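Every number here is computed from the coordinates shown, using simple stated rules; none is lab data. Not measured: the values here are computed from a predicted model. No Cβ is skipped: glycine too gets one built from the backbone with ideal geometry, and neighbour counts run over all protein chains shown.
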Amino acid sequence: MKAVYSPLHARHDGGMELHRGELVPCFEMPSRADYIRDAVTAAGHGLTAPRDFGLAPILALHDAGLVEFLRSAFDQWKAVGKDGFMLPSGFAARSMRQDVIPPGVNGKLGYYAFDAGTPIVEGTWDAAYASAQCALTAAALVAEGERAAYALCRPPGHHAAKAAYGGYCFLNNAALAAQYLRDQGRATVAVLDVDYHHGNGTQDIFYDRADVLTVSVHGTPETEYPFFRGFADETGEGAGLGFNRNFPLPRGTDWDSYRGVLETALGVVAAFKPDALVIALGVDTYENDPISAFKLKAEHYPLIGAAIARLGLPTVFTQEGGYAVAEIGTNVAAVLTGFER
Ligand code: Q9C
Ligand code: ZN
């Protein structure tokens, strides 16, 4: 399948994240995309550049204030004499007002971010915009008749909510792909998220809608990021009630435990009978991932691809997490190869 890639991802670089009480270099680093690009190319998936769909599809799903902040954040940072990378230092938690948008840049950081692990650097907007265009282009390829397409999205997207960013994510690439397919006449679309972390942003965007089913299999938020979403009792609201499903799993989950839950999640997707499928593809389920705690091995990634392929649906893959950098490329390529086999 075609792999949509933009070198602009590399402009999002140089940040530090607050990780377990320490400032450390970001796990979400540019070399991730280089390893994936090289491995998917070696596996025979031809690279293609993204088209430019503009801001309209982004503004259709994300709050205009969030988008304007992401676009201008680093300029605001420079205007108060700062450089380097931006992290928030105060959040609108319980007891704080939710209805005040702070006028200053530090206040806005706390208003729009939901963690201190997602730095903004000078090139973050350019990279996030290009990443979104990669997802939209992959969706267009599938809408135009390809059986499947892979968007090599960096930065990732599945944690980005309507009006909040975090979890290394700024714009929700998987949601943009799903909405694009809807806009091109696919009446129903399913998003299946197999990243180690709950796809809270995608859930948020489609939570009150029955036309886009969201399903996520992930490390339990009882112990895993993002901690405050991803529980099994989050099933949608309003018209969307019953159209969100979460499958939280404990730390240490291995393939023998994972495979059955993946089949259950795929069964939920199949029962929805969607016209198209988006896979939010994280490979941070890998046993050597530095920030995750599942025990999947390299040999299991082709099996995940093959299981997804058995749904027989037009499928867009968006790249999400995966931080075992040296192995990320081969694990991603293995999913795509398993899908096509
Ligand atoms: N260190 C994805 O896999 N890190 N995001 C913990 C700060 C957040 C992972 C908080 C992990 C986010 C796309
Ligand atoms: Zn993840």
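Please go through segment 205-225 and give me each residue that is among the aliphatic types (A, V, I, L, M) and surrounded by fewer than 19 Cβ atoms within 10 Å (Cβ to Cβ), ordered by number.
Ala210, the sole residue that qualifies.
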Practice prompt. Can you give me the number of residues within segment 270-284 that are outside any strand (DSSP E or B) and either within 16 Å of Ala210 (Cβ to Cβ) or within 16 Å of ligand 2 (Cβ to nearest atom) (or both)?
Written response: 8
Worksheet item: Counting only residues that are buried (at least 24 other Cβ atoms within 10 Å of the Cβ), out of contact with any strand residue (DSSP E or B) (no Cβ under 6 Å at 6 or more places or on another chain) and hydroxyl-bearing (Ser, Thr, Tyr), how many does segment 284-341 have?
Response: 2
Discussion item. Taking the criterion of being within 16 Å of ligand 2 (Cβ to nearest atom), surrounded by 24 or more Cβ atoms within 10 Å (Cβ to Cβ) and not hydrophobic (A, V, I, L, M, F, W, C), would at least one residue in segment 127-141 satisfy it?
Written reply: yes
Practice prompt. List the number of the failed condition for Asp289; all other conditions in (1) of a type in the set (D, E, K, R); (2) in a helix (DSSP H, G or I); (3) within 16 Å of ligand 2 (Cβ to nearest atom) hold.
Written response: (2)
Worksheet item: Do we have any residue at all in segment 196-204 that's closer than 22 Å to Thr285 by Cα and exposed (fewer than 15 other Cβ atoms within 10 Å of the Cβ)?
Response: no
Discussion item. I want to confirm something. Restricting to segment 304-329 and keeping residues that are out of contact with any Phe, Trp or Tyr (no Cβ under 8 Å at 6 or more places or on another chain) and in a helix (DSSP H, G or I), which single residue is nearest to ligand 2 (Cβ to nearest atom)?
Written reply: Ile304
Practice prompt. Please specify each residue of segment 246-272 satisfying the condition of being polar (S, T, N, Q) and touching a residue at least 24 places away in the same chain (Cβ under 8 Å).
Written response: Asn246, Thr253
